[in-house]
Amino acid sequence: MQNLQYEQMNGLSLAYIGDAIYELEVRQHLLSLGLTKVNDLQKHSRHYVSAKAHAALFAQMMTDDLLTDSELVYFKRGRNAKSHTKAKNTDVVTYRISTGVEALFGFLHLSGQTERISTLMNWIFEQVESGRANA
């Protein structure tokens, strides 16, 4: 991968790549649990990959003081980005938080912080599977 200037990217560009990274992590996790039927995979993925799930998980991240200052900067860059698309099936605030979460993962990926992505994703899997972060 070429050296992308993530520091200069707007929040929506970070969210664009972060969405893919996050989705891939969730899909790999669900397959590792032994789920193989597409309908089951889709049903379970909604607990992780939806604007409401992202908002619930972000609230829990804040409660647990999980994010670093620089991670919060990139979250806010995504959350505060002016999007020309409308939120589907959710309110604007929830949609913006979701975009912030995606931007956070975009930042982590583009800055090469794969270990941090794994740490956060494992935390996310624990929250969802324990019922601690309900969307």
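The values are calculated or read from the model by the stated rules, or taken from the named source; none is laboratory data. Small disclaimer: the values here were computed from a predicted structure and weren't measured. Cβ atoms come from the backbone with ideal geometry, glycine included; neighbour counts cover every protein chain shown.
Here is how the numbers come out for the structure above:
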read-out: Filter pass, Leu4 being more than 18 Å from Arg132 (Cβ to Cβ) and in a helix (DSSP H, G or I); value: no
read-out: Segments classed as helices (runs of 4 or more DSSP H), wholly inside segment 33-135, with at least 3 members that are closer than 20 Å to Gln8 by Cα; value: 69-79, 92-110
read-out: Tabulated pairs, segment 6-23, first farther than 11 Å from Leu110 by Cβ and surrounded by 15 or more Cβ atoms within 10 Å (Cβ to Cβ), second of a type in the set (A, V, I, L, M, F, W, C) and modelled with pLDDT under 95, C-beta under 8 angstrom, 6+ apart or interchain; value: Gly11/Ala81; Leu12/Ala81; Ala15/Ala81; Tyr22/Val49; Glu23/Val49
read-out: Unique match (being modelled with pLDDT under 95 and of a type in the set (S, T, N, Q)) among Ser70, Ser83; value: Ser83
read-out: Those residues of segment 94-115 which are free of Cβ contacts under 8 Å to residues at least 24 places away in the same chain and out of contact with any Lys or Arg (no Cβ under 6 Å at 6 or more places or on another chain), in sequence order; value: Gly112, Gln113, Thr114, Glu115
read-out: Residue under evaluation Ala51, criteria (1) aliphatic (A, V, I, L, M); (2) surrounded by fewer than 20 Cβ atoms within 10 Å (Cβ to Cβ); (3) in contact with a helix residue (DSSP H, G or I) (Cβ under 9 Å, 6 or more places away or on another chain), criterion not met; value: (2)
read-out: Some residue of segment 25-48 being of a type in the set (Phe, Trp, Tyr), buried (at least 19 other Cβ atoms within 10 Å of the Cβ) and modelled with pLDDT under 95; value: yes
